[in-house]
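Written below as structure tokens is the structure these notes are about.
The values are calculated or read from the model by the stated rules, or taken from the named source; none is laboratory data. It should be emphasised that the depicted structure is a prediction, and the values quoted were computed from it without experimental measurement. Please note: Cβ atoms are built from the backbone with ideal geometry, for glycine as well, and neighbour counts cover all protein chains shown. Heavy atoms of the whole protein, side chains included, go into the accessibility calculation; ligands, DNA and RNA do not. Shrake-Rupley method; radii C 1.70, N 1.55, O 1.52, S 1.80 Å.
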Amino acid sequence: MLRRSVSSWLRRGSATPKSTLFIAPSGVSLHRSSSSSSSSSSSSSSGGGGSDSKNNSNSHSYDPLFDDVPDRRNTSSLKWSKYGDEILPLWVADMDFRAPQCVIDAMHARAEHGVYGYSVPKEEVTMEVIKYLKRTAHYQIEPDWIVWSHGLVPALTVAARMAGGPGDSVMTNTPIYPPFLWTPKTADMTTLQVPLKFEGEGGGGQWRMDIAKMEEMVTPTTKMFTLCNPHNPVGKVFTIEELRQLGYFCKRHDLILLSDEIYHDLILDPALTPHVPIAALEDPELMKRTIILHAASKTYNVPGLSCAYAIIPDLALRTRFKKAAKGFVTEINAFGYESLYASYTGGESWRQSMLSYLKSNRDFLHHFFSTRLPLLKPYPNHDATYLLWVDTSALAPYLKQGEEAAEFFMREAKVAVSDGRDFGAKHHVRINFGCPRARLLEGLEKMEKAVNELVAARGKKEGK
């Protein structure tokens, strides 16, 4: 177990925690090797989409919570309006499900008040964040470690502005959520992109950090490393051993470590691949250089209410972050605070049902690709999120010169998926499966039809 006193940590001007930072979850081992996790997950019926899984079938039990959803057209939805009514959107990380009823009720109650002035978080909101992280991420924080933000992207931008300036760089692993690549540019910094490695064959394959390549590329002007854990888009949940190696790397090169853990409560097989927060390392020196990002937005489907927060244990680092945010991050809107509080206090039953639904959708996707659309190859051991990373390199020879699969599917299938190039990786797409099964099937069948027609046309042309 990873329990020990940290009463003497975070010295040199930092507030001293009143309790143990990390509380290891009962009955779950965090010392999970990559090989053992992939073996257990690929042999399990819930293990990340193996093609022989019992869950990978076309059968589906209707669930009114997630199959009966409202029409989002003409609601100013970015997801549904960007490409027009004829396009089926399976792109941006925004689920089509209604938020939990407790959130809807909280929005009604707040709206009924009738006054919508500038807001600050009530004490109960702060305390609920503390309780929620202890319950779901298994680490203990202090109230003053919380720094509120409008969202993950503003927090990434503030962190870049805080970390350095012209001539400096930020390092990250690709593929990665696109703002990780461009937010450093807002501070005239460059982004050092170190590709993740996919190692292993078949269902045992795993994504891993390439520490050797990171050592090769880091420079004296590199100021920060940005981590996404659980990872968007590959769905990886990093092990404690992998995080420990990263921690050593950041300390060795005097880097700030920004850990985006916004998907920590969206793990599809938590018994097999439990989330390991960076706090699990219980490394005082590392925590003095660490920023952890969280929000209710992705898990409870409230991203439009713009409320997120950073956990920054070290006082000096927290002061720098707040200074960089001044004039850029202003008050969070009242509905954002209310949605977070309602999600954390009343949304657990909904979350568990949602995870079960997403897990079924994930397994269905793997089954569909393996049996009906084999030119598209999703990676195995997708542990977390509702975003599937798919290799389209086998489709590339059939496409127009210079064209990517996302462009082809937009034009020919009328389906919008995320283009891998935005994540730093060609010949890939990201598919959002946070939607009703019928809608997911509709999109996949449109994609299947477009690919079959493309391949048939190529065969006919070559036959002549």
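Restricting the first residue to the range 110-129 and requiring it to be within 16 Å of residue 149 (Cβ to Cβ), which pairs with a second residue that is at pLDDT below 95 and assigned to a helix (DSSP H, G or I) meet a Cβ separation below 8 Å and a spacing of at least six or different chains?
Here the result reads 119/334, each pair linking the range 110-129 to a residue that is at pLDDT below 95 and assigned to a helix (DSSP H, G or I).
Quick one: in the range 235-245, of everything that is touching a residue at least 40 places away in the same chain (Cβ under 8 Å) and not in a helix (DSSP H, G or I), which residue is surrounded by the fewest Cβ atoms within 10 Å (Cβ to Cβ)?
Here the residue is 239.
Residue 98 versus (1) out of contact with any strand residue (DSSP E or B) (no Cβ under 9 Å at 6 or more places or on another chain); (2) in contact (Cβ under 8 Å) with a residue 12 or more places away in the chain; (3) open to solvent by less than 70 Å² (accessible area, probe 1.4 Å): which is the lone unmet condition?
Exception for residue 98: condition (3).
Read through the list (1) more than 27 Å from residue 144 (Cβ to Cβ); (2) charged (D, E, K, R); (3) at pLDDT below 95, then give the number of the only condition that residue 282 fails.
It is condition (1) that residue 282 fails.
Quick test of your reading of the structure: residue 193 fulfils all but one of (1) within 19 Å of the chain's Cα centre (by Cα); (2) surrounded by fewer than 22 Cβ atoms within 10 Å (Cβ to Cβ); (3) assigned to a helix (DSSP H, G or I). Name the failing condition by number.
(3)
Does residue 302 meet the test of being open to solvent by 10 Å² or more (accessible area, probe 1.4 Å), at pLDDT below 95 and aliphatic (A, V, I, L, M)?
no
Could you check, for the range 375-387, whether at least one of its residues is within 30 Å of residue 66 (Cβ to Cβ), touching an Asp or Glu at 6+ places or on another chain (Cβ under 7 Å), assigned to a helix (DSSP H, G or I) and at pLDDT 95 or above?
no
Failed condition for residue 328, given (1) aromatic (Phe, Trp, Tyr); (2) touching a helix residue (DSSP H, G or I) at 6+ places or on another chain (Cβ under 7 Å); (3) modelled with pLDDT of 95 or more, with all others met?
So the condition that residue 328 fails would be (3).
Tell me, yes or no, whether the range 332-345 has at least one residue that is at pLDDT below 95 and either over 23 Å from residue 93 (Cβ atoms) or open to solvent by less than 20 Å² (accessible area, probe 1.4 Å) (or both).
Among the residues of the range 332-345, at least one is at pLDDT below 95 and either over 23 Å from residue 93 (Cβ atoms) or open to solvent by less than 20 Å² (accessible area, probe 1.4 Å) (or both), which makes the answer yes.
Keeping to the range 318-331, report how many residues are open to solvent by less than 60 Å² (accessible area, probe 1.4 Å) and either touching a Phe, Trp or Tyr at 6+ places or on another chain (Cβ under 9 Å) or closer than 15 Å to residue 298 by Cα (or both).
Adding up the residues that qualify gives 2.
Do you know which residues across the range 422-453 are in a helix (DSSP H, G or I), under 23 Å from residue 69 (Cβ atoms) and in contact with a Pro (Cβ under 9 Å, 6 or more places away or on another chain)?
Scanning the range 422-453 gives a single hit, 443.
Can we say residue 249 is outside any loop (DSSP other than H, G, I, E, B) and either of a type in the set (Phe, Trp, Tyr) or open to solvent by 10 Å² or more (accessible area, probe 1.4 Å) (or both)?
Yes, satisfied.
Within the range 167-175, is even one residue in contact with a Phe, Trp or Tyr (Cβ under 7 Å, 6 or more places away or on another chain), among the small types (Gly, Ala, Ser) and outside any helix (DSSP H, G or I)?
No, because not a single residue in the range 167-175 is in contact with a Phe, Trp or Tyr (Cβ under 7 Å, 6 or more places away or on another chain), among the small types (Gly, Ala, Ser) and outside any helix (DSSP H, G or I).
Taking residue 380 as meeting all but one of (1) open to solvent by 20 Å² or more (accessible area, probe 1.4 Å); (2) more than 18 Å from the chain's Cα centre (by Cα), write down the number of the exception.
It fails just one condition, (2).
When you go through 353, 370, 418, 393 one by one, which is the residue that is touching a Lys or Arg at 6+ places or on another chain (Cβ under 9 Å), open to solvent by less than 50 Å² (accessible area, probe 1.4 Å) and among the polar types (S, T, N, Q)?
Sole residue among the options that is touching a Lys or Arg at 6+ places or on another chain (Cβ under 9 Å), open to solvent by less than 50 Å² (accessible area, probe 1.4 Å) and among the polar types (S, T, N, Q): 418.
Name the residue that is least open to solvent (accessible area, probe 1.4 Å), counting only residues in the range 213-234 that are more than 19 Å from residue 428 (Cβ to Cβ) and assigned to a loop (DSSP other than H, G, I, E, B).
Here the residue is 229.
In the range 103-148, which residues are surrounded by fewer than 20 Cβ atoms within 10 Å (Cβ to Cβ) and under 20 Å from residue 65 (Cβ atoms)?
104, 105, 107, 108
Inspect all residues belonging to the range 287-294 and state whether any of them is of a type outside the set (Asp, Glu), under 19 Å from the mean Cα position of the chain (by Cα) and surrounded by fewer than 19 Cβ atoms within 10 Å (Cβ to Cβ).
Scanning the range 287-294, I find no residue that is of a type outside the set (Asp, Glu), under 19 Å from the mean Cα position of the chain (by Cα) and surrounded by fewer than 19 Cβ atoms within 10 Å (Cβ to Cβ), so the answer is no.
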